[in-house]
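The values are calculated or read from the model by the stated rules, or taken from the named source; none is laboratory data. Treat the numbers as computed from the prediction; the structure is a model and nothing was measured. Positions of Cβ are backbone-derived with ideal geometry, glycine not excepted, and every protein chain shown enters the neighbour counts. Note: accessible area is taken over every heavy atom of the protein model, side chains too, but ligands, DNA and RNA are not part of it. Shrake-Rupley method; radii C 1.70, N 1.55, O 1.52, S 1.80 Å.
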Amino acid sequence: MRNVVRKNRLKREELKITILARIEGDFVAMLDEWHSLPEVWDNELDAQIHRWYSDPPVVYPQMPYFSPSSLGSCPRELYEKTRGAKRDITGQEPYQGRWTRIGTAVGEMIQRDLLFIEKHFERMTGNRPPFVFERNPDGTPMFEEFAKMNKKVTFLGETFYLYGAPDGIMRYITDDGETIRVGLEIKTKQTTAARTSLYTMRGPEEEHVRQVLGYGYMFDCDYYIILYVNTAKKSWGMSDEEYEKTPDIRAFCIPITADRVAEILEKPADIVRRVRENDPPPLDLDAWAFNSYKTACATSLSDDELEEIKRKVSAISKSNLPDWKKRQAADVLADIIRIKETGVLVDEDGK
């Protein structure tokens, strides 16, 4: 009997791996085929997209809330945010602003492409597109502002909301005619072509997995695709072998299961409990660069907490970690001490 149970479990795992690989492969193949065709011009569809965006629905967050993209953030940052602390208002380097805008533009490009694929793919290829956006009752596609929602969650005795707008909720139609609900999250890589190579990118980033588990739970998806689009290309002309080894897009399919969702809900539930009990969590030094509540985090640290951070940084400086990691930890500590002493994020030199 035990062997039968084990065989059945292995069979289910094999089927799961098969469907994940099929979804990943079909999505990339569809995009590759579409992007290899002559560009389609459709003024009517472009005008419709602009009309949709001219009057999007407005959905405000309900408190306390967590966005799926924040589930990998520093616990102390989420704690201060949930307590109502003020977000840091800072500028950024100009190249960072362009970097961010390129990422947004790539996401919009893929969404537009999917709408064009839905309308024109079968006419141009003779095959129906395996992926199309879900539609709202008013006909708008389920992505961005047209899918934004608050989802009330009660977990481990705590109540909070998941709030956010996905890059897309799609219907995947298998060769057998089965329809599967699949979400889409679009990420960009912009430094080197190697970032999405088969050698360098062996799987999705863990913070992105947490994000799509949150969205998958919000929108009742069976699976979620994380699509990485690399804006850095190896060269204009690549052989088939080169493109196979260093593609500029990679897709990873994540199954949305109850146990994995439960794991990511533990963090926001714990934050809500800590806020209620006035029990601040430790500061995550590795997440400092993208912490949007640095001032609130640093100024709220107790003397004991600051001493503990100093001990951690000292241990890092004496470890076998690479020099850049040691410098990063030392810089974070310097930031924290300066902000705690002055109460401001930016010094006189604007740093």
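VAL40 passes every criterion in (1) over 30 Å from PHE160 (Cβ atoms); (2) touching a residue at least 24 places away in the same chain (Cβ under 8 Å); (3) part of a helix (DSSP H, G or I); (4) touching a Phe, Trp or Tyr at 6+ places or on another chain (Cβ under 9 Å) apart from (3). Quick check, is ARG83 more than 20 Å from the chain's Cα centre (by Cα), among the basic types (Lys, Arg) and surrounded by fewer than 16 Cβ atoms within 10 Å (Cβ to Cβ)? No, not satisfied.
Being open to solvent by 80 Å² or more (accessible area, probe 1.4 Å) and not in a loop (DSSP other than H, G, I, E, B) holds for only one residue in ARG250, ARG273, ARG311, and it is ARG311.
Considering only residues in the range 101-129 that are open to solvent by 80 Å² or more (accessible area, probe 1.4 Å) and free of Cβ contacts under 8 Å to residues at least 24 places away in the same chain, the one that is nearest to ASP26 (Cα to Cα) turns out to be ASN127. For the range 158-190, residues that are open to solvent by 10 Å² or more (accessible area, probe 1.4 Å), hydroxyl-bearing (Ser, Thr, Tyr), more than 16 Å from LEU71 (Cα to Cα) and at pLDDT 95 or above total 1. Only residues that are under 30 Å from ALA269 (Cβ atoms), in a helix (DSSP H, G or I) and open to solvent by 60 Å² or more (accessible area, probe 1.4 Å) were counted in the range 43-80, giving 1. Selection of the range 197-246 for residues being out of contact with any Ser or Thr (no Cβ under 7 Å at 6 or more places or on another chain), in contact (Cβ under 8 Å) with a residue 24 or more places away in the chain and aromatic (Phe, Trp, Tyr) yields TYR199, TYR215, TYR217, PHE219, TYR223, TYR224. Just a yes or no: is a residue in the range 223-236 open to solvent by 60 Å² or more (accessible area, probe 1.4 Å) and modelled with pLDDT of 95 or more? Checking the range 223-236: not a single residue is open to solvent by 60 Å² or more (accessible area, probe 1.4 Å) and modelled with pLDDT of 95 or more.
Taking every residue in the range 258-275 that is farther than 15 Å from THR82 by Cβ and pairing it with any residue that is in a helix (DSSP H, G or I), at least 6 positions away or on another chain, the pairs with Cβ-Cβ distances below 7 Å are ARG260/LEU213; VAL261/LEU213; VAL261/TYR217; ILE264/ARG210; ILE264/LEU213; ILE264/GLY214.
Looking at VAL132, VAL153, just one residue is assigned to a strand (DSSP E or B) and closer than 22 Å to LEU227 by Cα, and that residue is VAL132. In a residue-by-residue description of the range 270-290, the property of being among the polar types (S, T, N, Q) and within 16 Å of ARG210 (Cα to Cα) applies to no position.
Of all the residues in the range 278-300, those that are in a loop (DSSP other than H, G, I, E, B) and under 29 Å from the mean Cα position of the chain (by Cα) number 9. Assess whether ASP32 counts as being over 30 Å from LYS267 (Cβ atoms), touching a Lys or Arg at 6+ places or on another chain (Cβ under 9 Å) and open to solvent by less than 80 Å² (accessible area, probe 1.4 Å). When the stated conditions are applied, ASP32 does not pass them.
Total residues in the range 193-222 satisfying the condition of being assigned to a helix (DSSP H, G or I) and open to solvent by 40 Å² or more (accessible area, probe 1.4 Å): the figure is 6.
How many residues does the range 73-117 contain that are of a type outside the set (A, V, I, L, M, F, W, C) and over 23 Å from ILE249 (Cβ atoms)? Final tally of qualifying residues: 21. When each of PHE146, PHE155 is tested for being open to solvent by less than 50 Å² (accessible area, probe 1.4 Å), within 30 Å of ASP270 (Cβ to Cβ), aromatic (Phe, Trp, Tyr) and in contact (Cβ under 8 Å) with a residue 24 or more places away in the chain, the lone residue that passes is PHE155.
Report whether or not PRO268 is outside any helix (DSSP H, G or I) and of a type outside the set (Phe, Trp, Tyr). In short, no.
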